[in-house]
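These notes concern the structure reproduced below.
The values are calculated or read from the model by the stated rules, or taken from the named source; none is laboratory data. If you're wondering where the values come from, they're calculated on a predicted model, not measured in any experiment. Cβ: placed from backbone, ideal geometry, glycine included. Neighbour counts: every protein chain shown.
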Amino acid sequence: MRLEAADRAQLDRVVSLVSDVLGSDLAAAYLFGSAVLGRLRPDSDLDLLALSRRPTTLDEKGALVERLLEISGRRLPEGRCRRVELTIVVLSELTPWRFPPRFDFQYGDWLRNEFEGGNLEPWPTRENRDLATLLTMVRQYGVPLVGPPAAEIVWPVPEADLRAAMVGDLELLLDDLAPDTRNVLLTFARIWCTLATGEIRSKDDAAAWAHERLPDAQRPALAHARAAYLGKEVDRWEQLGDEVQAVAEQMLLEIRRVSD
């Protein structure tokens with residue numbers, strides 16, 4: 001894992017914050033996502049999972065939110081900070097395993113407006129099927145920042161639950177195709193690749209894998225999504241027209257085929 005100095009400094013601030021809030025009850029913290037799978041891309045987030053021995057109090061959630069609003073995605077004199085995604089899970093929620101799993105706290109900039117408005121618990125429920133995928137990623141390749149390797153403290157997610165997590169909201173994801181084209185196409189490619197190979201790869205690696213398996217007419221849209229993610233092309237979709245919907249539906253068909 002190699003991080004630029006600014007990314008490392010930002011990561012250290014987040015880990016220090018979580019350590020200050022949880023104290024000795026912080027059992028472990030892991031970095032995962034693009035920072036570990038390959039390298040951080042221009043729009044990549046810093047993805048962290050923290051495991052706690054107890055739930056956070058409302059005051060502690062307030063302290064986390066206050067500092068994370070300052071740390072995440074802000075423009076500073078030396079440049080723009082990356083967006084931070086932080087999830088805290090209480091260890092006792094993982095043993096015995098139940099699906100969907102529950103988190104204790106989650107910060108992401110998609111919740112910034114709610115947090116800035118004073119809502120410290122903006123999620124409708126702490127049950128989150130996507131957490132099964134997150135835990136699998138952390139167990140497979142998460143880098144320990146605090147505590148032991150994840151495989152020593154996180155039990156494997158049952159394959160049936162991982163598959164259910166990945167295919168559970170496909171129609172809702174398809175609904176986001178127009179406003180968030182690049183990310184939706186890359187997510188479909190990663191789900192397809194993971195279900196077919198059993199490996200959770202980086203977004204660009206999964207897109208390259210899927211690209212080779214698509215019909216020729218549907219490759220340009222996914223190739224553009226990958227290039228835009230890598231910062232090699234401008235993220236524009238007007239010229240691709242109906243090809244975007246076609247490739248999304250094709251990958252959705254493939255996902256359903258390999259998940260049966």
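Only one entry in PHE99, PHE115 is assigned to a helix (DSSP H, G or I), of a type in the set (Phe, Trp, Tyr) and touching a helix residue (DSSP H, G or I) at 6+ places or on another chain (Cβ under 6 Å), namely PHE115. Please enumerate the residues belonging to segment 181-193 that are under 15 Å from the mean Cα position of the chain (by Cα) and either outside any helix (DSSP H, G or I) or among the aromatic types (Phe, Trp, Tyr) (or both). Across segment 181-193, the qualifying residue is only PHE188. Per the listing LEU173, LEU86, the residue uniquely of a type outside the set (D, E, K, R) and in the same structural domain as GLU254 (by TED's automatic domain parsing) is LEU173. For segment 5-35, a tally of residues being more than 17 Å from ARG82 (Cβ to Cβ), in a helix (DSSP H, G or I) and touching a helix residue (DSSP H, G or I) at 6+ places or on another chain (Cβ under 7 Å) returns 1.
Taking segment 241-260 as the range and being over 11 Å from LEU170 (Cα atoms), among the small types (Gly, Ala, Ser) and in a helix (DSSP H, G or I) as the test, the residues that pass are ALA246, SER259. Restricting attention to segment 51-63, the residues that are touching a helix residue (DSSP H, G or I) at 6+ places or on another chain (Cβ under 6 Å), without any contact (Cβ under 8 Å) to a residue 60 or more places away in the chain and outside any loop (DSSP other than H, G, I, E, B) total 3. Could you list, in sequence order, all residues of segment 89-116 that are of a type in the set (A, V, I, L, M, F, W, C) and either surrounded by 14 or more Cβ atoms within 10 Å (Cβ to Cβ) or not assigned by TED's automatic domain parsing to the domain that holds SER24 (or both)? Residues satisfying the conditions are VAL89, VAL90, LEU91, LEU94, TRP97, PHE99, PHE103, PHE105, LEU111, PHE115.
Whenever a residue of segment 247-260 is in the same structural domain as THR197 (by TED's automatic domain parsing) and in contact (Cβ under 8 Å) with a residue 24 or more places away in the chain, its partners that are part of a helix (DSSP H, G or I) and among the polar types (S, T, N, Q), lying with C-beta atoms within less than 6 angstrom and at least six residues away or across chains, give the pairs VAL247/GLN218; GLN250/GLN218. Of all the listed residues (LEU111, LEU40), the sole one being aliphatic (A, V, I, L, M) and within 19 Å of TYR229 (Cβ to Cβ) is LEU40.
The set of residues from segment 1-19 being in contact (Cβ under 8 Å) with a residue 12 or more places away in the chain and either in contact with a Cys (Cβ under 8 Å, 6 or more places away or on another chain) or surrounded by fewer than 19 Cβ atoms within 10 Å (Cβ to Cβ) (or both) comprises MET1, ARG2, LEU3, GLU4, ALA6, ASP7, GLN10, ARG13, VAL15, SER19. When you look at GLU238, is it at pLDDT below 95, assigned by TED's automatic domain parsing to the domain that holds LEU195, surrounded by 15 or more Cβ atoms within 10 Å (Cβ to Cβ) and farther than 25 Å from SER34 by Cβ, yes or no? When the stated conditions are applied, GLU238 does not pass them.
Is it true that some residue in segment 133-143 is surrounded by fewer than 18 Cβ atoms within 10 Å (Cβ to Cβ), touching a Phe, Trp or Tyr at 6+ places or on another chain (Cβ under 9 Å), assigned by TED's automatic domain parsing to the domain that holds LEU31 and modelled with pLDDT of 95 or more? Checking segment 133-143: at least one residue is surrounded by fewer than 18 Cβ atoms within 10 Å (Cβ to Cβ), touching a Phe, Trp or Tyr at 6+ places or on another chain (Cβ under 9 Å), assigned by TED's automatic domain parsing to the domain that holds LEU31 and modelled with pLDDT of 95 or more. Just one residue in the set ALA63, ALA27 is in contact with a Gly (Cβ under 9 Å, 6 or more places away or on another chain), at pLDDT 95 or above, surrounded by fewer than 21 Cβ atoms within 10 Å (Cβ to Cβ) and in the same structural domain as LEU135 (by TED's automatic domain parsing); that residue is ALA27.
You will find that of ALA227, ALA206, ALA196, the residue that is crowded, with 22+ Cβ neighbours inside 10 Å, assigned to a helix (DSSP H, G or I) and not assigned by TED's automatic domain parsing to the domain that holds ARG39 is ALA206 and no other. Of everything listed in (1) without any contact (Cβ under 8 Å) to a residue 24 or more places away in the chain; (2) within 21 Å of ARG256 (Cα to Cα), the single unmet condition for ALA210 is (1).
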